[in-house]
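The values are calculated or read from the model by the stated rules, or taken from the named source; none is laboratory data. Since the structure is predicted, the reported quantities are computational estimates derived from the model, not experimental observations. In this analysis, Cβ positions are derived from the backbone assuming ideal geometry, glycine residues included, and neighbour counts consider all displayed protein chains.
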């Protein structure tokens, strides 16, 4: 048996502060919504690449393999978010890296600018609330003696 589930059951038994549990629950909800949104966006863009680029008024890339490959990489990146979606207090590294990746996307697409800013706003929509909720969950769990 791995250490992750044992730690989670210990935490559940010790009864983390109600605030910490609420923050973790909302973080997990946002993480899973973000994963689903990433995969949905990536699959849609991979299948109908030209239509998505036209819809967003972006230049058509030639060859189309490059935007499709970016979609594939987004799906792979989203897989690494799964442990944080399961338990962000146990899988702290995954939770922090997921947030860093979101803000990396915000920074990249802000620098690129133009019509691509929509992708940065997409990442900001998930990254900012997740960062706030994770910080609040850590503070609340630390207040009741749960080690981070």
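Cβ contacts < 7 Å: first residue at negative phi and assigned to a helix (DSSP H, G or I), restricted to the range 105-119; second residue modelled with pLDDT under 95 and exposed (fewer than 12 other Cβ atoms within 10 Å of the Cβ), any location; separation 6+ or different chain. Result? Close Cβ pairs satisfying both conditions: 115/57.
Out of 104, 127, 113, which single residue is at pLDDT below 95 and within 30 Å of residue 53 (Cα to Cα)?
From the options 104, 127, 113, the qualifying one is 113.
Might you check whether a residue that is assigned to a helix (DSSP H, G or I) and loosely packed, with under 14 Cβ neighbours inside 10 Å occurs anywhere in the range 122-134? Within the range 122-134, none of the residues are assigned to a helix (DSSP H, G or I) and loosely packed, with under 14 Cβ neighbours inside 10 Å. Here is the figure for the range 98-119: residues that are surrounded by fewer than 13 Cβ atoms within 10 Å (Cβ to Cβ) and within 15 Å of residue 70 (Cα to Cα) total 0. From the list 83, 88, the one residue that fits, being under 16 Å from the mean Cα position of the chain (by Cα), in a helix (DSSP H, G or I) and buried (at least 18 other Cβ atoms within 10 Å of the Cβ), is 83. Scanning the range 40-70 for residues that are touching a helix residue (DSSP H, G or I) at 6+ places or on another chain (Cβ under 6 Å) and either under 23 Å from residue 99 (Cα atoms) or part of a helix (DSSP H, G or I) (or both) gives 42, 45, 46, 49, 52, 67, 68.
Of all residues being within 23 Å of residue 33 (Cα to Cα) and in contact (Cβ under 8 Å) with a residue 24 or more places away in the chain in the range 46-69, which is surrounded by the most Cβ atoms within 10 Å (Cβ to Cβ)? Just the residue, please. Per the criteria, the residue is 46.
Could you please let me know if residue 146 is more than 16 Å from the chain's Cα centre (by Cα), over 19 Å from residue 36 (Cβ atoms) and either outside any loop (DSSP other than H, G, I, E, B) or modelled with pLDDT under 95 (or both)? Yes: the conditions hold for residue 146.
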